[in-house]
1. Is it the case that the stretch 51-61 has a residue that's in contact with a Gly (Cβ under 6 Å, 6 or more places away or on another chain) and either aromatic (Phe, Trp, Tyr) or at pLDDT 80 or above (or both)?
2. How do the pairs read when you match residues in the stretch 1-15 that are assigned to a loop (DSSP other than H, G, I, E, B) with residues anywhere that are surrounded by 15 or more Cβ atoms within 10 Å (Cβ to Cβ) and basic (Lys, Arg), using Cβ under 8 Å and keeping only pairs 6 or more apart or on different chains?
3. Which helices (runs of 4 or more DSSP H) does the stretch 63-138 wholly contain that include 1 or more residues that are modelled with pLDDT of 95 or more and at negative phi?
4. Could you grab me the full set of residues in the stretch 22-55 that are part of a strand (DSSP E or B) and either among the aliphatic types (A, V, I, L, M) or surrounded by fewer than 17 Cβ atoms within 10 Å (Cβ to Cβ) (or both)?
5. Restricting to the stretch 87-129, name every residue that is within 19 Å of residue 12 (Cα to Cα) and of a type in the set (Val, Ile, Thr).
6. When both residues are 6+ apart or on different chains and their Cβ atoms are under 9 Å apart, which pairs have a first residue that lies in the stretch 130-156 and is closer than 12 Å to residue 12 by Cα, and a second that is aromatic (Phe, Trp, Tyr) and modelled with pLDDT of 95 or more?
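The values are calculated or read from the model by the stated rules, or taken from the named source; none is laboratory data. All of these numbers come straight from a predicted model, not from anything done at the bench. Ideal geometry is used to build each Cβ from the backbone, glycine not excepted, and the neighbour counts take in all protein chains shown.
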Amino acid sequence: MKKVREVMNKDVVYFSPDDSIFEVAKILAELDISGGPVVEKGKVVGVITLSDILRYISIKTSIEPKIINPSLSELILRLLELGKNQLEFKKEMEKIKSFKVKDVMTKKVITIHPDADLIEAATLLEKHKINRLPVVDKKGRLKGIIARADLVKAIVMED
């Protein structure tokens, strides 16, 4: 059975608790990923996802998505609607730029060790209904990330 270390992505995009969620959202959109770990002093302290950001923005501003699970395109549409009123738009954008990752991130992080097997990774992803697991060493330092797609790829590419 393959180990997490053989399948994980070692080139991980991660964020700081003090990063602006506006900047994080831009990076996630540019890289076409839905989230990443939050690291402080080398250790994983949280996870931030685009869904977390959009939910938080809709709660803290007057930008209310018209759907239950807001998407980036829905947020953009709402911002464009607000753009018609320049003063309101500027006010809402300033609010968004002041929000920090530490205000939004999920603090209870489910992680996995590099030597765990893929069945354990799949079990954790399914049990906790999450899409990615930060891979950490015994001291909690980020070593990689494994996503559902990585598991699928490992299964179909298995010799």
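1. At the first step, the residues of the stretch 51-61 found to be in contact with a Gly (Cβ under 6 Å, 6 or more places away or on another chain) are none.
Among the residues of the stretch 51-61, not one is in contact with a Gly (Cβ under 6 Å, 6 or more places away or on another chain) and either aromatic (Phe, Trp, Tyr) or at pLDDT 80 or above (or both), which makes the answer no.
2. Close Cβ pairs (under 8 Å, with a partner that is surrounded by 15 or more Cβ atoms within 10 Å (Cβ to Cβ) and basic (Lys, Arg)) amount to 8/143; 10/143.
3. Details: elements: 72-83, 86-98, 101-104, 118-128.
So the answer is 101-104, 118-128.
4. Start the filter on the stretch 22-55 by keeping residues that are part of a strand (DSSP E or B), which leaves 35-40, 43-49.
Matches in the stretch 22-55: 38, 39, 40, 43, 44, 45, 47, 48.
5. Residues satisfying the conditions are 101, 106, 109, 110, 111, 112.
6. Final answer for the pair search is 134/14; 142/14; 145/14.
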